[in-house]
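Take a look at the structure set out below.
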Amino acid sequence: MNSKKRLAAFIAIISLVFSAMTLATPPAAHAVGCYGDWCSGQDADATGCSADAVTTQIYNHKEFSLHVRWSPTCKTNWARIFMHSPGWIKCTRSGYLKAVQDTGYTQQVYFDAICAPVVTVRYTPMIYSPAHKVRAVFVDQNNFTYSTPWS
């Protein structure tokens, strides 16, 4: 009978230890689909890096708003543009949207002009950039260049 009591006490102690470990474990950060430099060139939404992203720089124009985005979890930046031309039907400009790192490394996307009654949003692939500065650049169809400050 003594060994049964010891076994029951041992099982109770092990159960308490595992229960305490489960309660003491902090909640995991949101899961992402990339890490480090492997994030460069990937889509911020598809990888989950956009979930904790913040805007760090903005350049406002009457037809668009240019943003630098930063994900602290993925340590990446990317450029985003909101095209909001005046009028009910919005005809956006075509051009290149770029995320440019201070090393010269660039991720870019080209998009054609479209006309729609909604705001159009475009963004570049990400750049892994835990230590370097990044800015967003938009070069339109007339070769006019607009950019945010470095972030």
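Sort VAL119, VAL68 so the one with the fewest other Cβ atoms within 10 Å of its own Cβ comes first. Please report the intermediate quantities before stating the final value.
Values: VAL119 13, VAL68 26.
Going from sparsest to densest Cβ surroundings: VAL119, VAL68.
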>> For a quick check: with amide H placed at 1.01 Å from N, whose amide H comes under 5 Å from THR120's, ignoring anything fewer than 5 positions away on the same chain?
In response: MET83
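Could you order peptides 91-99, 30-38 by the average number of other Cβ atoms within 10 Å of their residues, highest first?
Numbers: 91-99: 20.4, 30-38: 13.3.
For the peptides 91-99, 30-38, the packing ranking is 91-99, 30-38.
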>> I'd like to know which of ALA136, TRP70, GLN107 lies farthest towards the positive end of the charge dipole of segment 36-147, counting +1 on Cβ of Lys and Arg and -1 on Cβ of Asp and Glu.
In response: ALA136
> Under 16 Å Cα-Cα from LYS75, which aspartates and glutamates qualify once same-chain neighbours fewer than 8 residues away are excluded?
Replying inline: ASP37, ASP43, ASP45, ASP52, ASP102
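To the nearest 20 Debye, how big is the dipole of segment 44-126 about its Cα centre, given +1 on the beta carbon of each Lys and Arg and -1 on that of each Asp and Glu? The partial results should precede the final answer.
Values: 8 positive and 5 negative charges, 27 e Å.
Around 120 debye, computed over segment 44-126.
Taking R0 as 35 Å, what FRET efficiency do you get between ASN142 and ASP52 from their Cβ-Cβ distance, rounded to the nearest 0.05?
Numbers: r = 36 Å, r/R0 = 1.03.
The formula returns an efficiency of 0.45 here.
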> In segment 97-151, which chymotrypsin sites (Phe, Trp or Tyr not before Pro) fall in coil by DSSP and have 15 or fewer other Cβ atoms within 10 Å?
Replying inline: TYR105, PHE144, TRP150
> So for segment 36-147, taking the charge dipole from beta-carbon charges (+1 Lys/Arg, -1 Asp/Glu), which of SER50, HIS61, SER40 sits furthest toward the positive end?
Replying inline: HIS61
> For segment 36-147, how big is the tail of P(r) above 20 Å, as a whole percent of Cα pairs?
Replying inline: 37 percent
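Each reported figure results from applying straightforward, stated rules to the coordinates on display, with no laboratory input. On a predicted model such as this, the values are computed, not experimentally measured, just so you know. Neighbour counts run over all protein chains shown; Cβ positions are idealised from the backbone, glycine included.
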